[in-house]
Amino acid sequence: MQKLKAQNFHNLSESVIRTLAQNRIVTLLDFLQEDVSKLTLLTKLSLQDVLTIRNEIFTRYSAPLINGTALLTKVYQSRYRISSGIDSLDSITNGGFPVRHITEICGLADSGKTQMCFQLAVNVAKDDNGTVLYVDTKGDFSAVRVQKMLEAQGYSHKDMASIMYRIRVVHIWTMEDMVELFKGIKNKSLEIKNLALVIVDSLPCLMFQHLGDDNKMGLSFLNILVNYSRFIANEFNVAIIYINIQTRWIDNDISDLEDDAESTSAFKEPAYIEKKNRCLGKYWESVPVLVIQLEKLDYSSKENETCTQLKASVITSNITQSNNSQCILNLSIMGVT
Amino acid sequence: MKAFKISNTTELWQKETSLPAVVSFSQSLDNILGTNGFQLGSITELLGLPGSGKTQLCLQLCASVQIPKLLGGLNAEALYIDTNTNFTITRFREILSASLLRCQTILGEPLQMTEDEALSKLHYVNAFGLEKFCAFMYRLPKFIEAHPNIKLIAIDSIAYPFKDGISTKQRTGLLFRQMAELQRIAVQYQVAVVLSNEMSTRVGLSGGAVVGSLGDAWAHRCNVRLLLSTPQVTQDPTERLALLLKSNVAPSTVARFKITEEGIRDAE
């Protein structure tokens, strides 16, 4: 909670604040919770003045009220989607990634998540003149690969340099640092001009470091991080993409347990059900407004050898009309198209 | 407030391309990795059944890191963390002298290095058991700081210390903490990290039941994953195959190589 400061309220002088502090009234909350008549005694202000200060605090620090029209204009004036630069992906997400919200891309290991991130970073940096902040938590960012993708798409050296200049990479190894970084961006002590997109590849690498702890530190970090992310997304009009992973769980189908031991069950193919599970737990499940799942398809024909197909599907979404829309993307030397 | 180093991609590109990768002495293997060898700054995982050549490849890389700068090598040292006591010094000596001899023939002049000097460029740690392994991993940052010429860390194998005495959740937590630290060292000091991992069986998995051990979350952690195997029909029992399972720079392809007395070489 914020401290009482003299410059914020014209009735409160430094000496009055000192007197209040001696009586353990330091923060705004302390002031509000204190009995008004006691405050008048302490501050030697009139009852009217104390009430004015109280009201001032309420109007200044309570959540602001905006009416619908103003909200809509605000949204229209700033952009509300960042195009991914991939047409089919834009069409299933209704025009790109939602600005001011958190998006998640999930998939099994080696399903093309990082390649997708490289492509998104490149596409946003080239079209929008915006800056992309790439938070790398597992040393997976490859500038060589980004340069090769740009080269394969036929960019001149000058364009390449300016696009690559606008992709900023920061290596983060712990959840503590991650929270610190976002705090820095929030407080504007860490300024990045024209920030349009933040990519975090990947969150589980940090969160899994807290697995097996009994103190739930990881969860509290995650909560703080989500709050900072939401604030940053809103304040700076950026889209934030988190990479999550999936793991596979296998359930043994136990429907034939009731059969006799000697019945046909011995000849039956054992039935296994494979489930894919998004990591990071129940709390995270509902945080992103858009979740895109990536899958690598087995390439069947020989002619496709230079190119792998990825299937992208929207699995939960608060911002598109239809759930479960899918598209097929190609992963090649040129990147994801 | 902590200062974060935010670098743009151009700077990183210069850093990534300024140093050579650690070569395996098999060109086809180096080529499929897309970086002409094992890239500094990233973690490579070697998977395979017993006898598929994981340890041999680790030993070869420990020797390759000593290639003189004149030949485009690193002229550096290696750290070998042995967790399953698979390491034999006589075999390493064999590979090392063969590798150095080859450098000599290409250079056309004798190397200014005795065998003892070359052998002293290998730092060997026997970290048998979970406690010893964790204790060494804890000391690793200081060790690398004190030995800046180490450009390769090989851990053979990463799964072995975690086989017993730890719950799955704690194992994942511990592994990810250690890997974050290892990756930080790798990126900061430009060191290549090679881990070997065993295979395990997961019954009922759609993509085939034999997978690398330590689970799906782990599969996500390493930057490069390379699956080694022995071909079933072959004339030459020394021939091996390497399949690139995961990489951030190269598509998934297969390379052929063989394990000879001198170490890893191209298959004819």
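No lab work stands behind these numbers, since they all come straight from the coordinates. Everything quoted here is computed from the prediction, not taken from an experiment. Counting neighbours? That spans all protein chains shown, and the Cβs are built from the backbone with ideal geometry, glycine included.
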Proximal lysines relative to A:K38, as straight alpha-carbon distance under 29 Å, when same-chain residues fewer than 8 apart are discounted | A:K3, A:K5
What does the charge dipole of the range B:91-141 about its Cα centre add up to, to the nearest 20 debye, if the Cβ of each Lys and Arg holds +1 and the Cβ of each Asp and Glu holds -1?
-> 220
Between A:S189 and A:T52, what FRET efficiency comes out of the Förster formula 1/(1 + (r/R0)^6) with R0 = 35 Å and r the beta carbon distance, rounded to 0.05?
-> 0.55
Can you run phi through the Karplus equation (6.51, -1.76, 1.60; θ = phi - 60°) for the range B:249-262 and list ³J(HN,Hα) in whole Hz, with x for Gly and Pro?
-> 10, 10, x, 6, 9, 10, 10, 10, 8, 9, 9, 10, 4, 7
Loop-resident sites, the range B:216-265, for GluC sites (Glu not before Pro), counting at most 15 other Cβ within 10 Å (DSSP) = B:E261
Hits for chain A under the membrane-span-like helix rule (DSSP H, Cα axial span at least 24 Å, Kyte-Doolittle mean at least -1.0) are A:217-236
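Sorting B:T44, B:T10, A:T337 on the 10 Å Cβ count, fewest up front, what's the list?
Fewest-to-most Cβ neighbours within 10 Å comes out as A:T337, B:T10, B:T44.
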Inter-label distance for B:S97 and A:S332, nm, one decimal - labels placed 7 Å from Cα along Cα-to-Cβ = 5.2
In peptide B:178-185, how many Cβ atoms from other protein chains are near each Cβ within 10 Å, on average?
-> 5
Report, as an integer, the average count of C-beta atoms from other chains found within 10 Å of each Cβ along B:237-247.
-> 1
With Cβ to Cβ distances under 10 Å as the rule, what net charge do the other residues near A:F208 carry (K, R +1; D, E -1)?
-> +3
Exposure proxy check: A:Y80, A:Y165, A:Y134, B:Y138 ranked by fewest other beta carbons within 10 Å?
-> B:Y138, A:Y165, A:Y80, A:Y134
Going by how many other beta carbons lie within 10 Å of each one, how would you line up A:C279, B:C58, fewest first?
-> A:C279, B:C58
Sites B:D164 and A:E14, calculated FRET efficiency, Cβ-Cβ separation with R0 56 Å, nearest 0.05 = 0.30
Work through the residues other than B:L119 whose Cβ is under 13 Å from its Cβ and net out their charges, Lys, Arg +1 and Asp, Glu -1.
-> -2
Please give every one of the lysines within straight-line cross-link reach of B:K142, meaning a C-alpha to C-alpha distance under 24 Å, and leave out same-chain neighbours fewer than 8 residues apart.
-> A:K138, B:K2, B:K5, B:K15, B:K121, B:K132, B:K151
Return a whole-number percent for the relative contact order of chain A, with Cα pairs under 8 Å and 6 or more residues apart as the contact set.
-> 20
Could you tell me whether the range A:6-61 comes out rounded, prolate or oblate from its Cα gyration tensor? Rule is a ≥ b ≥ c as square roots of the eigenvalues, rounded for a/c under 1.5, then prolate if a/b exceeds b/c, otherwise oblate.
-> rounded
³J(HN,Hα) across the range A:280-287 via Karplus (A = 6.51, B = -1.76, C = 1.60, θ = phi - 60°), whole Hz, x for Gly/Pro?
-> 6, x, 5, 4, 5, 3, 9, 6
Please list A:37-45, A:144-152 highest first by mean number of surrounding beta-carbon atoms within 10 Å per residue.
-> A:144-152, A:37-45
Which lysines does B:K258 reach when only Cα atoms under 20 Å apart count, and residues fewer than 8 places away in its own chain are ignored?
-> B:K54
Across peptide A:115-125, what mean number of C-beta atoms from other chains lies inside 10 Å of a residue's C-beta?
-> 1
Which residues' amide hydrogens lie under 5 Å from the amide hydrogen of B:G263, considering only partners 5 or more residues apart or on another chain, with H built in the peptide plane?
-> none
Counted charge near A:L108, where neighbours are those whose Cβ lies closer than 10 Å (Asp, Glu -1; Lys, Arg +1) | +1
Ranked highest first by average number of other Cβ atoms within 10 Å, how do A:209-222, B:23-36 line up?
-> B:23-36, A:209-222
